[in-house]
């Protein structure tokens, strides 16, 4: 079994992780001119931008070149825990981390059966990536049900819970080290981490639009804001 994942998260960008469990987009090929002769090399997004980013900014090369090389259509699923602050302030960090460890194991078991492209844990969050919003939604519902069934105790009658955000669209892939960058990554994070409450599963407008089975589920429509920009999202009933 591959090693479990660790990650580091910076708001506004995708997770940067080590030992990611991944069905990989291993690396990308970029054509570079050397002494007038093109040669094929393997590099990740950041290496490519260090070599060509200024040319793109200056208009010498087209930004479409970056998307051609590194763009992938993918559905990010962002899972956040509920009750972290309340529990740690009342029961202490060790109590919460014990329940978090159990929740991670449950989540790992469920996602392992869901055929994700990859998934990774960071603190009390999980970031999973799927080929379709449909797959992300089904996996999210299964994770939520499994967590609720486990009834992991936090404070009094409160149990460990999760909230989730799902996006879908073209993201820039920087390989196993740097993950994915793009609007739908940011929106999924906003939905799962900032707007969601216990048991919430939110979908971006793009993710909702691609669902093949949306008639099987009920959704509520909302308006939200990211960095001052208004966007539409949906809550699974």
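The values are calculated or read from the model by the stated rules, or taken from the named source; none is laboratory data. Source: prediction; values computed, not measured. Note that we place each Cβ from the backbone using ideal geometry, even for glycine, and neighbour counts take in every protein chain shown.
Below, the figures for the structure above:
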item: Number of the exception - residue 181 against (1) closer than 30 Å to residue 69 by Cβ; (2) at pLDDT 95 or above; result: (2)
item: Residues (over 11 Å from the mean Cα position of the chain (by Cα) and either farther than 20 Å from residue 134 by Cα or surrounded by 24 or more Cβ atoms within 10 Å (Cβ to Cβ) (or both)) located in region 172-190; result: 172, 173, 174, 175, 176, 177, 178
item: Scope region 227-236; condition under 16 Å from residue 207 (Cβ atoms) and surrounded by fewer than 16 Cβ atoms within 10 Å (Cβ to Cβ); matching residues; result: 232
